[in-house]
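Since every read-out is calculated from the coordinates, none of them should be taken as a lab result. This structure is a prediction, so every number in the text was calculated from the model and none was measured. Glycine gets a Cβ as well: all are built from the backbone with ideal geometry, and neighbour counts include every protein chain shown.
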Amino acid sequence: MIRLAALLTLLAGPALAAVGDYPFFSLRNTDIVVALGFIIFVGILVYYKVPAMVTNLLDKRADDIRAELAEARRLREEAQEMRAAFERKKVEVKEQAERIVAKAKADAETAAEQARADLEVSITRRLKAAEDQIASAEAAALRDVRNRAVQVAVAASAELIAANMSKPHANRLIEESIKTVDAKLH
């Protein structure tokens, strides 16, 4: 109904403004001819359902746009989920790297302490071995000095005894020594 009123309003304007000696509803009135042509054109469009096709095309385009918007929202949500997963993974990797660094530092400190302890044990062992060698060399030197002193004392005693002893006194000492040895053996 609204369409018909709008159509009549469009037709009435040029038709009423027409100038000439011709009656208003005459085919010689160009305004009427144009209005009739327009009505026929609109009628053909309505007959072949062009407005419905245009509406369907617009509806289809609107549905396509809605589908694209839904797909864009879905992709956006998926991207946000992926970003959140990436951020979580990033935090996990950072924490793992910090744990690895802390463990490596602890292991390095433990290894350094062990190396220090091993070095102290090695130094102590070497000092002990050196002290043992020094003590052994000292004991050997003391033995050599004593042996040499004994040899010198025996040689000096032998010379003194040989120089100061008479033959009868030597024979008497030999006999006493033989008796002592005989008493100790039996």
Within region 25-76, which residues are touching a Leu at 6+ places or on another chain (Cβ under 9 Å) and among the small types (Gly, Ala, Ser)?
35
Cβ pairs under 6 Å, 6+ apart or interchain, first in region 69-89 and touching a residue at least 24 places away in the same chain (Cβ under 8 Å) and surrounded by 10 or more Cβ atoms within 10 Å (Cβ to Cβ), second among the polar types (S, T, N, Q) and not in a helix (DSSP H, G or I), ordered by first then second residue, are none
